[in-house]
Amino acid sequence: MLGDLRFAIRALKATPGFTAVALIVLTLGIGATTAIFSVVDGVALRGLPFPADGRLMDVTEINPTNKGLGGGAVAAANFFDWRARQTVFEDLAAVQNTAGSIVRDGGVPESLPTVMASASLFGLLRVSPAIGHTFTAENEVRGNEHVAVISNGLWRRRFGADPNVVGRTITFDHGVCEVVGVMPAGFTYPIGLAKPPDLWVPYVPPANEMPRGDGSSRNYNAKVVGRLKDGVTIDQARAQMEQITGALKQEYPRWFRDRWVAVTPLRDSIVGKARSWMLMLLGAVAFVLLIACVNVANLLLARSTARAREVAVRTALGATGWQLARGLLAESLVLSAAGTLLGVIAAIWGVHLIRASLPPGLPRLSDVGVNLRVLAVAAAASIAVAIAVTPFWQSRRASLASALREGGRSGAAGAARQRARTILLVAEVALAVVLLVGAGLFVSSFVRLMNVDLGLDYSNIATISVYPRIDFGAPKDQVDAALAKSGAQVQAVLERVRALPGLSTVAVMGSGSEPLSTGWSRTTVTLPGKPAFSDPDDQPDIKQITPEYFAALRVPLLEGRTIAAEDLLAGAPGVVVINDIAAKRFFPDRDPIGAPIKVNGDRTVIGIVRAARVQGPEGQLRPEVYTPMNWNRTFGGTIIVRTAGDPGAIFPALRASVHAAVPELVVPEPQTLAESFDQLVVQRRFNMIVLALFGVLAVVIAGAGIYGVMAYIVEQRTQEIGVRMALGAQPGQVVQMVLARATVFMAMGLALGIVGGWMLSRLIKAFLFAVEPHDPIVYVSAALVLLAAGLLAALIPARRASRVDPVTALR
């Protein structure tokens, strides 16, 4: 075997052109496959980093009619009732993100991502702290909750990795917490947060979330996880949780009028929709690897024509079929191993680029990387490629006299090799067409997505959020005072920002809203003499705004007037602006202007604005209502600034304004509205870029294959071409002859590829936006691009053939 490997290396070094083309093709194919598999494995395929993770379940509330409500969050009261009545789980645990804890114990104030968690969470996950212990159920009682488990990163960053950290305290703006434990390095939960938590504190929901009341006010903020008991199936767990929820529905009908329970594996819940489009990418890159294999196999087959005499001589000297096959396999193995090594190097570089391009909220993004598991797959791919590209049929025993007479150019063996080359070349072109069609569909989909009219102008807009901390679990008078103080602080920041030079418009949105986001805050609308609109589709999104909001975002006013400064004054009559969707929904038979309406109190409709797709280009146009900012009842707001130039240039001034107006606040990081828009389309942009890159790779690899095969055909037909030119053939005729042959190959491959793409395109229909999977323009464009690339690749050997010297060729 060592002798076979040495001979294979010498043979490959003797043909540097062939070896270089084959290595480039394999590097591209294996590198792309390894990089994409690294991402898919880290996000969608690998199990959760918890023992027996298949027993962990996500218990959520859903909307049974699928009308957009119930994003999986659970009401605190429902969690406690579920926990008390269930018997199928070892236990249930609730986690809830908080606004963050602001450290006040000296140094620079820092906002630490904080999660409230049931004491049972760590036991359910089978994870123990590296230092100390976790909190207990006794800490889940209000007044006993001032303890915390900290992350390994915070322990090192703020406590200098002090091993005696247990018992030390951290001073926050809401009190003092005692550190009771440090979690091991790498632990995070919930998985998939943009900012992993630094603190876990006992789950003590605000007091206003616990009373059920009449069901008119419901808060859904918790995520619930449970571990199935041994011997309990997921179907049994679902059945019991549905039975419990049915009983609760009988007790509290208004709470469950549009809610139900669902039990799903935690792994599926975390990965969610990412699994389907990632597996789609893995399937697409498999086409790239397959094209690369077919390409190299074809190159080896074409090269074997020139080695027909060598095989025959070895056979005559006593070589067995196994020895010949072993030599061919060794050559393919050397090629594939070298290509895999180069591909892994390229994949390591590619993974960094891919991670930077992936959606920031993608779960388990930190787990993406080229690790031993990925390298094992790459090694397996190397062996598979080596076997796949080895033309074993060459190893059959051949007649020396026949080989010398045919010279590898004619006869039965030569014809068989030529047919095999043709089949592989046609297959390569067909596979490239399928991949190029897919790339074209995704590019067309993204172009149409970007051309959707949002109904607002997000260019040259900077935003910064100002949310002072409010303890909603405090007594009502303290909460009211904190809300009034919060409103005054937002006004102070607003005045500072308005004084900055170079700003055309400054506005504020309240109630936790953002100009562009996937979140929403809905309310109930009631018209005089009519029942409340209870259908979820009839519940409009509500936004508190200042008068400059519509001018800042350039939302057109269709009728009436917008909110004015006097509408924000205490005691001013209640007014509301609605969009045209709300006008058609609530006032189908009359002019809404001047009509009374009940939206968070009695109000009068004063204006109608154009509807905007505030959830991005894929969001629906929904009814929206806009009310004046109530400075005495606000827990913060988002400052919206329209600038004359680059909005990023105003970031330092925005941060300075917040700090100057409210020094005790941790200054948040501003962002542009264009960045918010990019976050809404980042997944589709990523899919488009990756598929387009695969399409380019397919064209490059197919072009290299066509070039290599046509070059070998020209080389083998050199004497024939010399005879033709000696008999009067012109160089142009020779070029035409070579290109005509390449065109025939291309035409067959294009026909098969278009049929294959037509059949397979329905599999990606769910990933497209406003594009039919059978768009003829995409298919024609893909065929023309590949035909042009193929003819360009064939033109080089065609021109070389036209320069053949007849005397040299015949000699």
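The values are calculated or read from the model by the stated rules, or taken from the named source; none is laboratory data. This is a predicted model, so every value here is computed, not measured. Note that each Cβ is placed from the backbone with ideal geometry, even for glycine, and that neighbours are counted across all protein chains shown. Heavy atoms of the whole protein, side chains included, go into the accessibility calculation; ligands, DNA and RNA do not. Shrake-Rupley method; radii C 1.70, N 1.55, O 1.52, S 1.80 Å.
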Test: residue in the range 338-359 that is at pLDDT below 85, within 15 Å of Val25 (Cβ to Cβ) and touching a helix residue (DSSP H, G or I) at 6+ places or on another chain (Cβ under 8 Å) | no
Flagged in the range 652-689 as aliphatic (A, V, I, L, M), within 15 Å of the chain's Cα centre (by Cα) and open to solvent by 10 Å² or more (accessible area, probe 1.4 Å), in numbering order, are Leu680, Val682, Met688, Ile689
Kindly provide the set of residues from the range 751-783 that are outside any loop (DSSP other than H, G, I, E, B), over 15 Å from Phe287 (Cβ atoms), open to solvent by 60 Å² or more (accessible area, probe 1.4 Å) and out of contact with any Pro (no Cβ under 6 Å at 6 or more places or on another chain), ordered by number.
-> Val755, Trp758, Ala766, Pro776, Ile777, Val780
Yes/no for Val508 being in a loop (DSSP other than H, G, I, E, B), under 19 Å from Met629 (Cβ atoms), open to solvent by less than 30 Å² (accessible area, probe 1.4 Å) and at pLDDT 90 or above | no
If we scan the range 199-211, do we find a residue that is under 25 Å from Glu90 (Cα atoms) and open to solvent by 30 Å² or more (accessible area, probe 1.4 Å)?
-> yes
Among residues belonging to the range 250-264 that are in a loop (DSSP other than H, G, I, E, B) and out of contact with any helix residue (DSSP H, G or I) (no Cβ under 6 Å at 6 or more places or on another chain), point out the one that is nearest to Gln236 (Cα to Cα).
-> Arg259
Which pairs do you get when a residue that is over 11 Å from Pro515 (Cβ atoms), found in the range 538-554, comes within reach of a residue that is open to solvent by less than 10 Å² (accessible area, probe 1.4 Å) and of a type in the set (Asp, Glu), reach meaning Cβ atoms under 9 angstrom, with the pair 6+ apart or on two chains?
-> Pro540/Glu624; Asp541/Glu624; Ile542/Glu624
Of all residues making up the range 440-485, the number that are closer than 19 Å to Tyr549 by Cβ and either hydroxyl-bearing (Ser, Thr, Tyr) or part of a helix (DSSP H, G or I) (or both) = 5
Answer yes if at least one residue in the range 216-232 is under 25 Å from Glu145 (Cβ atoms), surrounded by 17 or more Cβ atoms within 10 Å (Cβ to Cβ), of a type in the set (Val, Ile, Thr) and in contact (Cβ under 8 Å) with a residue 24 or more places away in the chain, and no otherwise.
-> yes
Hey, could you check the range 43-100 for residues that are among the hydroxyl-bearing types (Ser, Thr, Tyr) and at pLDDT 90 or above and say which is farthest from Trp277 (Cα to Cα)?
-> Thr87
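Here is a yes/no grid of residues against (1) at pLDDT 90 or above; (2) farther than 26 Å from Leu654 by Cα; (3) surrounded by 17 or more Cβ atoms within 10 Å (Cβ to Cβ):
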site	(1), (2), (3)
Ser504	no, no, no
Ser513	no, no, yes
Pro531	no, yes, no
Thr546	yes, no, yes
Which numbered condition Asp541 fails, given (1) surrounded by fewer than 16 Cβ atoms within 10 Å (Cβ to Cβ); (2) modelled with pLDDT under 90 = (1)
Look at Val261 and say whether it is touching a strand residue (DSSP E or B) at 6+ places or on another chain (Cβ under 7 Å), modelled with pLDDT of 80 or more, of a type outside the set (Asp, Glu) and crowded, with 19+ Cβ neighbours inside 10 Å.
-> yes
Within the range 319-375, the count of residues that are open to solvent by 50 Å² or more (accessible area, probe 1.4 Å), closer than 30 Å to Met688 by Cβ and either part of a helix (DSSP H, G or I) or of a type in the set (Lys, Arg) (or both) comes to 13
For Glu90, which of the numbered conditions (1) assigned to a strand (DSSP E or B); (2) buried (at least 19 other Cβ atoms within 10 Å of the Cβ) fails to hold?
-> (2)
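Given the range 590-651, what strands (runs of 3 or more DSSP E) lie entirely inside it while holding 1 or more residues that are under 18 Å from Ala564 (Cα atoms), without any contact (Cβ under 8 Å) to a residue 40 or more places away in the chain and open to solvent by less than 50 Å² (accessible area, probe 1.4 Å)?
602-609
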Please list, ordered by first then second residue, the pairs with beta carbon atoms under 8 Å, 6 or more apart or interchain, first in the range 322-337 and within 16 Å of Thr15 (Cβ to Cβ), second of a type in the set (D, E, K, R).
-> Gly327/Asp4; Ala330/Asp4
Name the residue, out of Arg267, Arg238, that is closer than 21 Å to Asp81 by Cα and either buried (at least 18 other Cβ atoms within 10 Å of the Cβ) or modelled with pLDDT of 90 or more (or both).
-> Arg238
Within the range 710-738, which residues are among the aliphatic types (A, V, I, L, M), assigned to a helix (DSSP H, G or I) and either open to solvent by 40 Å² or more (accessible area, probe 1.4 Å) or touching a Pro at 6+ places or on another chain (Cβ under 7 Å) (or both)?
-> Met710, Ala711, Val714, Val723, Met725, Ala726, Met737, Val738
Residues that are within 18 Å of Gln620 (Cβ to Cβ) and under 34 Å from the mean Cα position of the chain (by Cα), drawn from the range 531-577 = Asp535, Pro536, Asp537, Asp538, Gln539, Pro540, Asp541, Ile542, Lys543, Val555
Could you please let me know if Thr27 is among the β-branched types (Val, Ile, Thr), surrounded by 17 or more Cβ atoms within 10 Å (Cβ to Cβ), farther than 30 Å from Ala325 by Cα and out of contact with any Phe, Trp or Tyr (no Cβ under 8 Å at 6 or more places or on another chain)?
-> no
With respect to Leu335, is the statement that it is within 48 Å of the chain's Cα centre (by Cα) and closer than 17 Å to Arg6 by Cα true?
-> yes
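Assess whether Glu251 counts as being open to solvent by 70 Å² or more (accessible area, probe 1.4 Å), touching a strand residue (DSSP E or B) at 6+ places or on another chain (Cβ under 7 Å) and of a type outside the set (Lys, Arg).
No.
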Looking at the range 318-337, which of its residues are among the acidic types (Asp, Glu) and modelled with pLDDT under 80?
-> none
